Amino acid sequence: MTSPALDTLFTWIRTESPTHDVAGVNLMMDLVVGQMADAPVAVERVQGEQGLGDALILRAGPQTDEPAILILSHLDTVHPVGTIEKDLPLRIEGDRLYGPGVYDMKASAWYCLEAFKEVARKGTAARPLIYLVTPDEEIGSPMTRPIIENFARRTAYTLVTEPGRDGGKVVTARKGVGRFDVRVEGRPAHAGSRHAHGRNAVYEAARQILAIEAMTDYARGITTTVGMVSGGTAVNTIPQHCSFPVDLRVETVADGEALARAILGLKPQDPDFKITVTGGMNRPPYECTEGTAKLFEHAKSLAAEIGFDLVSAPRVGGGSDGNFTAALGVPTLDGIGIDGDGAHTLHEYGLISSIAPRQELVKRLLETLR
């Protein structure tokens with residue numbers, strides 16, 4: 001990797017862009033627009049909604065009506081502004097490039113955009129190309145999901161630039177993701193003089209949490225997690241309110257529907273309590289269809305020509321925008337991004353040596369997928 005290219009990537013990493021920092025996300029979008037300035041790429045900027053940053057739609061390749069190749073990258077991260085100054089400084093240690101968002105997924109987005117630009121310049125794309133750069137993947141893509149699905153319905157293949165897994169493995173299947181909010185209402189009372197008059201919402205919430213956690217079934221690939229709880233107003237007051245979110249992961253559409261019904265149908269164990277549940281499946285399961293398997297085999301053969309072995313990871317627990325396209329039946333290859341580790345942590349890094357071969361793989365995919 002050349003020094004100028006590395007300097008450009010450093011600029012991307014220094015431009016901190018947590019999802020809800022509209023200014024930071026839009027600065028990243030500005031960098032992409034600048035990256036495409038000297039290439040035959042049509043750039044459409046979609047103004048952000050719902051308090052989110054902008055999205056970009058980049059088009060290149062032959063101007064025909066045949067189904068396109070859709071490439072998906074997100075430029076929002078989970079790290080708050082200031083992380084690079086204190087907790088995760090930008091640095092190189094051997095082959096490792098450290099920094100907030102470098103692995104998930106700024107390095108990947110940068111080099112995949114470079115591959116896209118090279119193919120656009122050379123005019124070697126096998127099909128029309130649509131590159132969608134999004135600002136909201138880390139919170140479930142509430143703004144861009146309709147855009148993704150609209151393009152996917154007219155797409156032959158989708159490539160998702162999420163990072164490689166466990167040594168650079170690509171992804172051909174992911175679990176579906178459900179998100180729910182549970183609110184419990186009890187009855188407040190003084191904890192000393194009127195204890196028997198109260199109905200402790202935290203206590204009822206605890207009973208509901210036990211029921212939800214018991215829905216986990218590892219054999220079927222189902223997990224339910226309550227990772228946060230909020231309730232009560234004072235140590236000497238029987239709490240009237242308690243609330244908590246629920247994370248659901250499933251392998252099949254049927255299990256997603258069944259578990260969603262179970263969570264949405266939670267009932268209080270005591271009629272003096274009221275339970276309200278909202279939410280549903282946020283990302284449908286991404287299953288490895290015959291089309292996705294053929295797409296992987298094609299990518300594997302290209303990687304062998306380039307000089308490395310491409311391996312598919314087992315079904316991944318985390319969701320991505322690839323869940324949306326795969327659920328619509330589009331052959332989808334995910335995890336084509338950088339090798340590394342530590343997504344969403346303070347030891348996040350990418351392997352510099354993985355950039356060049358994987359950039360070449362993306363370029364060859366855009367040139368050969370027919």
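The values are calculated or read from the model by the stated rules, or taken from the named source; none is laboratory data. Remember, it's a predicted structure, so these values are computed and weren't measured experimentally. When we count neighbours, we look across all protein chains shown, and the Cβ atoms used for this are built from the backbone with ideal geometry, even at glycine. Heads up: the accessible areas ignore ligands, DNA and RNA and are worked out on the full protein's heavy atoms, side chains in. Shrake-Rupley method; radii C 1.70, N 1.55, O 1.52, S 1.80 Å.
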- Positions within the range 310-329 being within 23 Å of LEU75 (Cα to Cα) and assigned to a loop (DSSP other than H, G, I, E, B), in sequence order: GLY317, GLY318, GLY319, SER320, ASP321
- Message: Just checking, does the range 254-274 include any residue being free of Cβ contacts under 8 Å to residues at least 60 places away in the same chain, open to solvent by 50 Å² or more (accessible area, probe 1.4 Å) and of a type in the set (Gly, Ala, Ser)?
- Response: yes
- Does VAL253 satisfy the criteria of being modelled with pLDDT under 95 and hydrophobic (A, V, I, L, M, F, W, C)? yes
- The number of residues in the range 275-305 that are open to solvent by 50 Å² or more (accessible area, probe 1.4 Å), over 15 Å from VAL170 (Cα atoms) and out of contact with any Gly (no Cβ under 8 Å at 6 or more places or on another chain) is 4
- Residues in the range 237-250 that are surrounded by fewer than 20 Cβ atoms within 10 Å (Cβ to Cβ) and farther than 17 Å from THR278 by Cα: how many? 2
- Within the range 197-309, strands (runs of 3 or more DSSP E) holding 1 or more residues that are small (Gly, Ala, Ser): 241-250, 274-283
- Item | Residue check for PRO239: under 27 Å from SER141 (Cβ atoms) and either modelled with pLDDT of 95 or more or touching a Lys or Arg at 6+ places or on another chain (Cβ under 7 Å) (or both) | no
- Scope the range 19-36; condition within 22 Å of PRO128 (Cβ to Cβ) and assigned to a loop (DSSP other than H, G, I, E, B); matching residues: MET36
- Among (1) touching a residue at least 60 places away in the same chain (Cβ under 8 Å); (2) open to solvent by 20 Å² or more (accessible area, probe 1.4 Å); (3) out of contact with any Ser or Thr (no Cβ under 8 Å at 6 or more places or on another chain); (4) more than 20 Å from THR77 (Cβ to Cβ), where does GLU367 come up short? (3)
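So which residues in the range 47-67 are in contact (Cβ under 8 Å) with a residue 60 or more places away in the chain and surrounded by fewer than 18 Cβ atoms within 10 Å (Cβ to Cβ), if there are any at all?
GLU49, GLN50, ILE57, ARG59, PRO62, GLN63, THR64, GLU66, PRO67 - these are the residues of the range 47-67 that are in contact (Cβ under 8 Å) with a residue 60 or more places away in the chain and surrounded by fewer than 18 Cβ atoms within 10 Å (Cβ to Cβ).
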- Number of the condition not met by ARG207 [criteria: (1) in contact with a Cys (Cβ under 6 Å, 6 or more places away or on another chain); (2) open to solvent by 40 Å² or more (accessible area, probe 1.4 Å); (3) not β-branched (Val, Ile, Thr)]: (1)
- Filtered residue count, the range 179-196, keeping only those that are in a strand (DSSP E or B) and either at positive phi or buried (at least 23 other Cβ atoms within 10 Å of the Cβ) (or both): 3
- Query: Is at least one residue of the range 124-145 open to solvent by 20 Å² or more (accessible area, probe 1.4 Å), touching a strand residue (DSSP E or B) at 6+ places or on another chain (Cβ under 6 Å) and basic (Lys, Arg)?
  - Reply: yes
- In the range 1-17, anything open to solvent by 20 Å² or more (accessible area, probe 1.4 Å) and within 25 Å of the chain's Cα centre (by Cα) is listed as LEU6, THR8, PHE10, THR11, ARG14, THR15, GLU16
- Query: Assuming ARG283 fulfils every condition listed in (1) modelled with pLDDT under 95; (2) of a type outside the set (A, V, I, L, M); (3) over 36 Å from the mean Cα position of the chain (by Cα) apart from one, which condition is it?
  - Reply: (3)
- Filtering the range 230-280 down to residues that are under 21 Å from the mean Cα position of the chain (by Cα) and among the β-branched types (Val, Ile, Thr) yields VAL246, VAL250, THR252, VAL253
- Query: If you take the residues of the range 86-123 that are in contact (Cβ under 8 Å) with a residue 24 or more places away in the chain, farther than 25 Å from HIS347 by Cα and of a type in the set (Lys, Arg), which of them is least open to solvent (accessible area, probe 1.4 Å)?
  - Reply: LYS117
